[in-house]
Amino acid sequence: QDLAAVTDAIDRDIEANSPGAVYATLFIGVMDPVSRILRYVNAGHNPQYVLRLSGGLQRMGATGLPVGLLAGRGYKEERVQLSAGDLLFLYTDGCVEVENEAGDMFGSERLEPLLLSAVTATDALRLIERGIAEFRGSAEPLDDATLMTVKVG
């Protein structure tokens, strides 16, 4: 399916069926396991990442506004060619918006180096969970943080 059209339909449905101003960020992706092409739409979500086996990090940034925010503006579907051994790192905003006792946010500037130091998918999750916990200290989290890695075969 056309992911931009799917996202646009969700966008318009939220606007039509929600009382008042309601919006949400959304990342939707479909990977062809044969060609290893990932098609995605990022509706205002934080950049998701491809950690390349060959080295480096590729950001999958926003291709449109959050769904329901200003319905009808449209979305763009992007494509990323993946290789065997690459890792996808997908997460919610609670991961980078967590604050420490001083009120500083964890942010992508702390997330990206941890990703680059990871060797495996499990290692990435462990490093980031530990990094977030150490950064947060005794401050209570204000939001949930969901992390997911996918190793491309």
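The values are calculated or read from the model by the stated rules, or taken from the named source; none is laboratory data. Keep in mind that this is a model prediction, so the values were computed, not measured. Using ideal geometry, Cβ is built from the backbone for each residue, glycine included, and neighbour counts are taken over all protein chains shown. When the accessible area is computed, the model is the full protein with side chains, heavy atoms only, and any ligands, DNA or RNA have been set aside. Shrake-Rupley method; radii C 1.70, N 1.55, O 1.52, S 1.80 Å.
Against the list (1) small (Gly, Ala, Ser); (2) farther than 23 Å from residue 114 by Cα; (3) open to solvent by 30 Å² or more (accessible area, probe 1.4 Å), the condition residue 55 fails is (2).
Can residue 53 be described as under 20 Å from residue 153 (Cα atoms) and touching a residue at least 40 places away in the same chain (Cβ under 8 Å)? Considered against the rule, which asks whether it is under 20 Å from residue 153 (Cα atoms) and touching a residue at least 40 places away in the same chain (Cβ under 8 Å), residue 53 comes out as no.
Of 112, 77, 97, all but one fail to be under 16 Å from the mean Cα position of the chain (by Cα) and either of a type in the set (Phe, Trp, Tyr) or over 21 Å from residue 40 (Cβ atoms) (or both); the exception is 97.
Within segment 67-85, the residues that satisfy the criterion of being buried (at least 17 other Cβ atoms within 10 Å of the Cβ), under 18 Å from residue 13 (Cα atoms) and touching a strand residue (DSSP E or B) at 6+ places or on another chain (Cβ under 8 Å) are 67, 68, 75.
Scanning segment 1-50 for residues that are open to solvent by 50 Å² or more (accessible area, probe 1.4 Å), of a type in the set (Asp, Glu) and over 30 Å from residue 124 (Cα atoms) yields 2, 13, 15.
Within segment 126-153, the set of residues being out of contact with any strand residue (DSSP E or B) (no Cβ under 8 Å at 6 or more places or on another chain), open to solvent by 80 Å² or more (accessible area, probe 1.4 Å) and in contact (Cβ under 8 Å) with a residue 24 or more places away in the chain comprises 138, 144.
Only one entry of 98, 80 meets the criterion of being at pLDDT 95 or above and farther than 23 Å from residue 28 by Cβ, and that entry is 98.
The single residue among 49, 75 that is among the hydroxyl-bearing types (Ser, Thr, Tyr), assigned to a strand (DSSP E or B) and at pLDDT 95 or above turns out to be 49. Scanning segment 86-125 for residues that are in a loop (DSSP other than H, G, I, E, B) and either open to solvent by less than 20 Å² (accessible area, probe 1.4 Å) or under 16 Å from residue 146 (Cα atoms) (or both) turns up 86, 92, 93, 94, 95, 96, 97, 98, 106, 107, 118.
Of all the numbered requirements in (1) hydrophobic (A, V, I, L, M, F, W, C); (2) crowded, with 16+ Cβ neighbours inside 10 Å; (3) without any contact (Cβ under 8 Å) to a residue 40 or more places away in the chain; (4) part of a helix (DSSP H, G or I), residue 62 misses one, and that requirement is (4).
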